[in-house]
Each structure stands twice: as structure tokens, then as C-alpha cells.
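Participant: Take this structure first; my questions come after.
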Amino acid sequence: GEVTATLTLADADEATDDVVLEAVEYGDERESVRSYISVDSGEYTVSITVGDGNYESTPIYSETLTLEPKDAQSLIVYENAEGIVDIMALSDDLSPTDMGAMRLTLLNAEAATSVSLVDLGQYSAIRTLCEDDACGSLLPHRVLIDDVPFAETTVIDLDEGTYNLAFVNEDNDVLRTLEGYEAERGVVETRVFVLEPGQLGGQATYRAAV
């Protein structure tokens, strides 16, 4: 479902809170949302509130984090299997990628299905994949990330290049495609997969260069 969230960051040594991101909508593509926020190392309290404009409400998430130099954390707000807004904190790996590759993390935030990421090659119009060799050589595809359960992640280093990608469920149905996806060397990216009512699918992107 759609969620509006506000992120507050409080320095443990300060008496006031700083609203870092306000009124973040589902799938928000603003650069301020997609990018990391740089802070000094130390101890911080991270709080998130959700709702329809009432950002003074009780936080749904509040945790004290100790951030070391070069730490990288991503906070993902999503709706869990019980329909309750939940938070996932990811520790991002910003170490150098493989030569000529990007680092791609897939987070499955869709409770209804596990999800795989496949490279369709030139066959971007496919809506159902064939199992094993049932299609012969007519519809080749390559599984990049296989069967990610709900609320879990998988990380790969993907060679730079242009791909026709698809998110696929356990029945091999294509839920969403990313045609002409550009994998850029040295980029670290998180893709969050979730279905929306009446749509094939949705995704949000968080990127950083290393």
C-alpha cells in the first residue's frame, strides 16, 4: 500500500531532533530520498513516523544506531504480510565492486510471492517463462537472482551493460519488466520490489557510486 513517511535523526549529544526527510511518498524518486545523507560518526536515534500529514504522531520505528566511519545504512519503509507498516534496515556494502561491474541488491517487499530477477536478453515482451528446456532455444533467459523470499535480500555484482530485466514469481509469470536497464560500473543500487493493486508492479531505487 501507499505510505507517507518522515525520517527524523537525533544526535545523542544534542537536545533537538532534525527532520531529515519529510513527506516521503511511495516510490519517491527525489534525489534527496535516493541518496545517502552524510553525518558525523557517533550515536544517533533514528525515528520514522507515517500518516496523512500528521508528522507529530508517535514514531512507528525508533532505534539508536552507532555509526562508524564509512558505515552505510538504508532504511526501507514497507507494508508487511499483516498489512502493518514496517521498517527494514540494510547495511550496504560499499566495498569496490568486481572489475567493470555494479552491485545490485534486490529486496522483496511483496508478501504475496517470492521473486526472481532474470535477464530476458532480446525477448523483453515475454510474460511467462518456460521451465528448463521446454522452450528449446526460442526464448532463452538467464536467472540473475533466484527466488528471494518476502522481506529478504540478495546481492550480486552485475557486469556493466544494457539489460532487459524482469521480476518473476514462483510460477514463472513476469510481474514487471525493466527494459533497457543500464548497469553502470562502480554503482551500488538497491531495488525494492512490491506489487500495487491494479498494476503489474512497482519498484523504488536507491543508488550510490563507489
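The values are calculated or read from the model by the stated rules, or taken from the named source; none is laboratory data. Bear in mind that the values here come from a model prediction, so they are computed numbers and not experimental data. Neighbour counts run over all protein chains shown; Cβ positions are idealised from the backbone, glycine included. The protein model used for the area step is the full one, side chains on, heavy atoms only, and it has no ligands, DNA or RNA in it. Shrake-Rupley method; radii C 1.70, N 1.55, O 1.52, S 1.80 Å.
Participant: Would you mind stating whether residue 85 is open to solvent by 20 Å² or more (accessible area, probe 1.4 Å), within 23 Å of residue 34 (Cβ to Cβ) and at pLDDT below 85? Give the steps one after another, and end with the answer.
Facilitator: Details: open to solvent by 20 Å² or more (accessible area, probe 1.4 Å): yes; within 23 Å of residue 34 (Cβ to Cβ): yes; at pLDDT below 85: yes.
Answer is yes for this residue.
Participant: Out of the residues in the stretch 112-144 meeting the condition of being farther than 22 Å from residue 86 by Cβ and crowded, with 18+ Cβ neighbours inside 10 Å, tell me which one is modelled with the lowest pLDDT.
Facilitator: 126
Participant: Please state which of the following conditions residue 90 fails to meet, knowing it meets all the rest: (1) at pLDDT 80 or above; (2) on the phi > 0 side of the Ramachandran plot; (3) in a strand (DSSP E or B).
Facilitator: With (1) at pLDDT 80 or above; (2) on the phi > 0 side of the Ramachandran plot; (3) in a strand (DSSP E or B) applied to residue 90, the lone miss is (2).
Participant: Going through the stretch 1-43 one residue at a time, which ones are polar (S, T, N, Q) and modelled with pLDDT of 75 or more?
Facilitator: 32, 35, 38, 41
Participant: Against the definition (at pLDDT 90 or above and within 16 Å of the chain's Cα centre (by Cα)), how does residue 153 come out, yes or no? Let's see the steps before the verdict.
Facilitator: Details: at pLDDT 90 or above: yes; within 16 Å of the chain's Cα centre (by Cα): yes.
Considered against the rule, which asks whether it is at pLDDT 90 or above and within 16 Å of the chain's Cα centre (by Cα), residue 153 comes out as yes.
Participant: If a residue must be closer than 22 Å to residue 151 by Cα and modelled with pLDDT of 50 or more, how many such residues does the stretch 170-210 contain?
Facilitator: 18
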